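In what follows, a structure is listed as structure tokens, so that the remarks can point back to it.
The values are calculated or read from the model by the stated rules, or taken from the named source; none is laboratory data. Not measured: the values here are computed from a predicted model. Every residue, glycine among them, receives a Cβ derived from its backbone with ideal geometry; neighbour counts consider all protein chains shown.
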Amino acid sequence: MAEGPPADPEAVARKILLDQLTGQARSRKELSDKLAAKAVPEDVATRLLDRFEEVGLVDDEAFARSWIASRQPGKGLARRALAQELRRKGIEDTVAREVLDEIDPADEETAARALVRKKLRTLTRVDDATATRRLVGMLGRKGYPPGMAFSVVRDELAAAGREEPDPGFD
């Protein structure tokens with residue numbers, strides 16, 4: 001089978017970008033990494049990414065908002081964990097901070113309480129100290145600050161009629 005003429009790097013890059021953007025938004029860094037992995041020349045990649053940004057197909061701020069909207073309620077992630085994910089996605093810290101500042105602290109606490117209540121149902125056979133340790137650990141892994149984690153766990157244990165393991169957790 002005979003090969004056709006070599007593909008135009010810009011056409012190849014444009015197809016890669018459009019394929020990557022079909023179905024979900026992506027950050028500029030993710031798209032840039034994909035183009036680099038496909039050996040698209042850097043000047044072509046930069047030019048196309050700039051053009052896609054100009055027309056609004058690539059927008060890191062909108063991507064960050066969308067990412068947070070899907071991950072915060074669904075996974076119950078706190079600001080710190082979301083910030084780490086956005087950093088891994090290549091979102092600049094200033095953009096991430098601006099978008100994360102829009103999260104209502106009350107919503108974050110509500111999400112933490114929902115996570116604790118759900119997990120508490122599986123901890124009926126463990127003592128309160130073990131339940132506290134596991135619940136606070138879970139919230140910590142989801143990015144919640146220790147003070148909030150201990151406060152929420154203490155409140156939810158009390159609401160469930162369980163004893164507070166150690167009054168010194170304040």
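Restricting to the range 102-150, count the residues that are in a loop (DSSP other than H, G, I, E, B) and closer than 27 Å to A62 by Cβ.
Qualifying residue count, the range 102-150: 6.
Among (1) touching a helix residue (DSSP H, G or I) at 6+ places or on another chain (Cβ under 6 Å); (2) closer than 30 Å to L17 by Cα; (3) assigned to a helix (DSSP H, G or I), there is one condition I91 misses while meeting the rest; what is its number?
The one condition I91 does not meet is (3).
Counting only residues that are surrounded by fewer than 13 Cβ atoms within 10 Å (Cβ to Cβ) and outside any helix (DSSP H, G or I), which one in the range 39-80 is modelled with the highest pLDDT?
V55
Inspect the range 14-22 for any residue being in a helix (DSSP H, G or I), buried (at least 16 other Cβ atoms within 10 Å of the Cβ) and touching a Ser or Thr at 6+ places or on another chain (Cβ under 7 Å) and give the result as yes or no.
No, every residue in the range 14-22 fails to be in a helix (DSSP H, G or I), buried (at least 16 other Cβ atoms within 10 Å of the Cβ) and touching a Ser or Thr at 6+ places or on another chain (Cβ under 7 Å).
If I filter the range 19-72 down to residues being touching a residue at least 12 places away in the same chain (Cβ under 8 Å) and of a type in the set (G, A, S), which single residue comes out as farthest from D101 (Cα to Cα)?
A45
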